[in-house]
Structures are given as structure tokens and as C-alpha cells.
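Note sheet for the following structure.
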Amino acid sequence: MPTPFALFGLPATFALDLKVLERAQRELGKTIHPDTASDPAERRALAEQSTVANEGYRALRDPVTRAELLFQLAGVATGDGHEPKPTAAFLMDMLEKREALAEARTSKDRATVEALAAEIRTQRNAAEAALSALFSGVVPSQLDAQPALVHLGSLRYYRRFLEEATATLDEWDDA
Amino acid sequence: MAYSDKVIEHAENPRNVGTLNKDDDSVGTGLVGAPACGDVMRLQIKVGENGVIEDAKFKTFGCGSAIASSSLATEWIKGKSIDEAEAIKNSDIVAELNLPPVKIHCSVLAEDAIKSAIADYRAKQAAKKAVTEGAK
């Protein structure tokens, strides 16, 4: 089975233009749409291909799963027990920001939630830029895996934080 | 995935949430994280002269199992000597909370947090002793 990158005709690299990905998904979607076939067996086959394409699209869209895919291609294990532990300074920073977010949520302090989210987005963008650089132009076997894994771990923390901040803001908007 | 009743109970009514003064030399602080899921856990112990843990507090940002594991850990270590607390294994937490395989790392995190808090306490005591002896 082709990798999600190959499926959409994209280079296997971290720096990915989401607009290009979207366009590639639309193009592929047209050619494998189940409605294009009249034969039931062919329709089923196309439906399966569409599912694979949708999963691949989602995996590439999310920087965390995109990085995980690239590690997999490089033969580097990720996940539980395979990644370096975050530094004490990083954990302290995340704990303090999560506490500040929880307090702002309780006191309904929208400005603080937005400011914290903006700060984390800056940190996230820096981690994504670092990953782009580490994955750019290297053959998988030459990947400098340890620093790249540190950035992947950081990205998961940032994603968690931003999910929490977004959920808080959405809740207030709905109220 | 369904959480066990004990996990839900601890996650909804976590025991010992809070902070101890990390600058107090009878307080040990453990700060640990699981990069695979983005969890962060702080566990603190206050140790009496007799080496018994008088108080324990935690703060965890993570899933219900991570909160329950650290809540249970603080409950268990209170009143224990630091040596007894250090002997607690993540498998004890798994058994008590009935954690499924995908959540075992939460119990590992809690065990690491206990050990890291004890290590911090011991390092502080050693530093204190060095200062006292140096003054003699």
C-alpha cells in the first residue's frame, strides 16, 4: 500500500502546504468516487480506496500524525517508551501554563485564555519549523532522530493545550 | 473505552489536589511527563523528622486515568515511610484501578512521580547536611 504521501503525489517531508494537500485530496477524490462506477464490486473497491484516502488526508493534515508517519518511514519507533523524556524546564513551563489556563477558565478571563493560546501557538510554530528543518532534504536513514522526537513530544503538549483553550472559548461563545 | 468505577471515582473526586511549598527543605517535588500523550504530573511530599510522609499533594493535567493514578498514589504514600513509598510499583496502581493496557503508562507516570519526589527530597536533605557539616 502506498504511503499517504505517495497516495497524494506529495514528497515525504514535514513541510507541507495544506492548500496543496487539499487540492491533491480533491483531485484524487474525484477519480476514486464510488459514484463513478456502475459495477457493484468496483463501487465497493472505490469506497474502500476513498476510506484509505480520507484517513491518509487526516493523518497528513495533523502535524503530529504527519511527523509520526515520517518517523515510521525512517524506521524510528515513536510513542510510549520510545521517546525522550521532556526536560524539567519544559514540563514546568507546560504545568504553569496549564494552571494559568485553568484559572482563567474559572474566572472567565477571555483575554488571558487568548494570550496563553497565542503564546503556545508561537511555541508550536517554532517546533514545527524545527521539524521541517530536520526532515528537509535528508534520506530517512540520516534523520537526526533524537532532537526530532523531542519536538514531536512538544507538539503533542501544544496540541493538548490548544484543544483545551479552544474548547473553553467555544463554550463561552455558545453560552 | 470504558473507565473502571474506581478511575471515575478518583477522577471526579481527586484526593489531595494542590501544592506544597517547593522551597521548604522537608518538601520533595516530582515533575514528570508523558510525551506520547502530552500529560504533565506534579507530585509533592512533605516528610517529617522521622522519615514518614506527612502530606502529599498532586496536580495532573491529563486523562482520567492519569488523574486517578496520581490521586491514588498520594493517598497511598501518606503515612508511609519514604522507603515504603519508594517500593510502590505501577503494577499495584494498575491492579487497584483496573487500568486497561493502553492506560498502563499513566500508572508508570505516577510511579515515576513518587520516585522523582523522593529523589528531590533526598537531594535537598543531602545538600542541607553538606551545608551544616561545612559550617562545623
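From A:Gly29, A:Gly75, which residue is more than 29 Å from B:Asp39 (Cβ to Cβ), open to solvent by less than 80 Å² (accessible area, probe 1.4 Å) and away from chain B (no Cβ under 14 Å)?
Values: A:Gly75 fails: more than 29 Å from B:Asp39 (Cβ to Cβ).
Every option except A:Gly29 fails the conditions.
Would you call A:Leu21 at negative phi, outside any helix (DSSP H, G or I) and surrounded by 12 or more Cβ atoms within 10 Å (Cβ to Cβ)? Write out each step before concluding.
Working: at negative phi: yes; outside any helix (DSSP H, G or I): no; surrounded by 12 or more Cβ atoms within 10 Å (Cβ to Cβ): yes.
No; evaluated as a whole, the condition is false for this residue.
On the given criteria, is A:Leu60 closer than 18 Å to A:Glu128 by Cα, in contact (Cβ under 8 Å) with a residue 60 or more places away in the chain and surrounded by 14 or more Cβ atoms within 10 Å (Cβ to Cβ)?
Values: closer than 18 Å to A:Glu128 by Cα: yes; in contact (Cβ under 8 Å) with a residue 60 or more places away in the chain: no; surrounded by 14 or more Cβ atoms within 10 Å (Cβ to Cβ): yes.
Criteria not met by A:Leu60.
Which one is farthest from the other protein chains (Cβ to nearest Cβ) among residues in region B:35-48 that are under 18 Å from B:Leu99 (Cα atoms) and open to solvent by 10 Å² or more (accessible area, probe 1.4 Å)?
Among residues in region B:35-48 that are under 18 Å from B:Leu99 (Cα atoms) and open to solvent by 10 Å² or more (accessible area, probe 1.4 Å), the one farthest from the other protein chains (Cβ to nearest Cβ) is B:Cys37.
Pairs under 9 Å by beta carbon, first residue facing chain B (nearest Cβ under 7 Å) in region A:85-98, partner open to solvent by 70 Å² or more (accessible area, probe 1.4 Å), six or more apart or different chains?
A:Pro86/A:Val150; A:Leu91/A:Lys85; A:Arg98/A:Glu164
Quick check on A:Asp80: is it at pLDDT below 95 and within 14 Å of chain B (Cβ to nearest Cβ)? It would help to see each step written out before you state the result.
Values: at pLDDT below 95: yes; within 14 Å of chain B (Cβ to nearest Cβ): yes.
Yes.
Got a sec? Which of A:Glu99, A:Glu163 is under 20 Å from B:Cys37 (Cα atoms), more than 16 Å from the chain's Cα centre (by Cα) and among the acidic types (Asp, Glu)?
Values: A:Glu163 fails: more than 16 Å from the chain's Cα centre (by Cα).
Of A:Glu99, A:Glu163, the one residue that is under 20 Å from B:Cys37 (Cα atoms), more than 16 Å from the chain's Cα centre (by Cα) and among the acidic types (Asp, Glu) is A:Glu99.
Quick check, is A:Ala126 exposed (fewer than 14 other Cβ atoms within 10 Å of the Cβ), under 30 Å from B:Gly18 (Cα atoms) and away from chain B (no Cβ under 14 Å)?
Values: exposed (fewer than 14 other Cβ atoms within 10 Å of the Cβ): yes; under 30 Å from B:Gly18 (Cα atoms): no; away from chain B (no Cβ under 14 Å): yes.
No; evaluated as a whole, the condition is false for this residue.
Among the candidates B:Asn13, B:Asn21, which residue alone is at pLDDT below 95 and open to solvent by 10 Å² or more (accessible area, probe 1.4 Å)? Steps first, answer last, please.
On the way: B:Asn21 fails: at pLDDT below 95.
Step by step, each of B:Asn13, B:Asn21 is checked, and only B:Asn13 is at pLDDT below 95 and open to solvent by 10 Å² or more (accessible area, probe 1.4 Å).
Of all residues being under 13 Å from the mean Cα position of the chain (by Cα) and small (Gly, Ala, Ser) in region A:130-153, which is farthest from the other protein chains (Cβ to nearest Cβ)? Just the residue, please.
Narrowing region A:130-153 to residues under 13 Å from the mean Cα position of the chain (by Cα): A:131-132, A:151-153.
Those still in the list that are small (Gly, Ala, Ser) too: A:132, A:153.
On the way: A:Ser132: 19, A:Gly153: 3 Å.
Among those residues, the one meeting the criterion is A:Ser132.
Looking at region B:106-122, which of its residues are small (Gly, Ala, Ser) and more than 11 Å from the chain's Cα centre (by Cα)?
B:Ala119
Inside region B:49-136, counting only helices (runs of 4 or more DSSP H) that do not spill past its ends, which hold 3 or more residues that are modelled with pLDDT of 95 or more and open to solvent by less than 40 Å² (accessible area, probe 1.4 Å)?
On the way: elements: B:64-77, B:82-86, B:90-97, B:104-135.
Per the criteria, B:64-77, B:90-97, B:104-135.
The values are calculated or read from the model by the stated rules, or taken from the named source; none is laboratory data. Here the structure is a predicted model, which means the values were calculated and not measured. Neighbour counts are summed over all protein chains in view; Cβ atoms, including those assigned to glycine, are modelled from backbone coordinates with ideal geometry. Heads up: the accessible areas ignore ligands, DNA and RNA and are worked out on the full protein's heavy atoms, side chains in. Shrake-Rupley method; radii C 1.70, N 1.55, O 1.52, S 1.80 Å.
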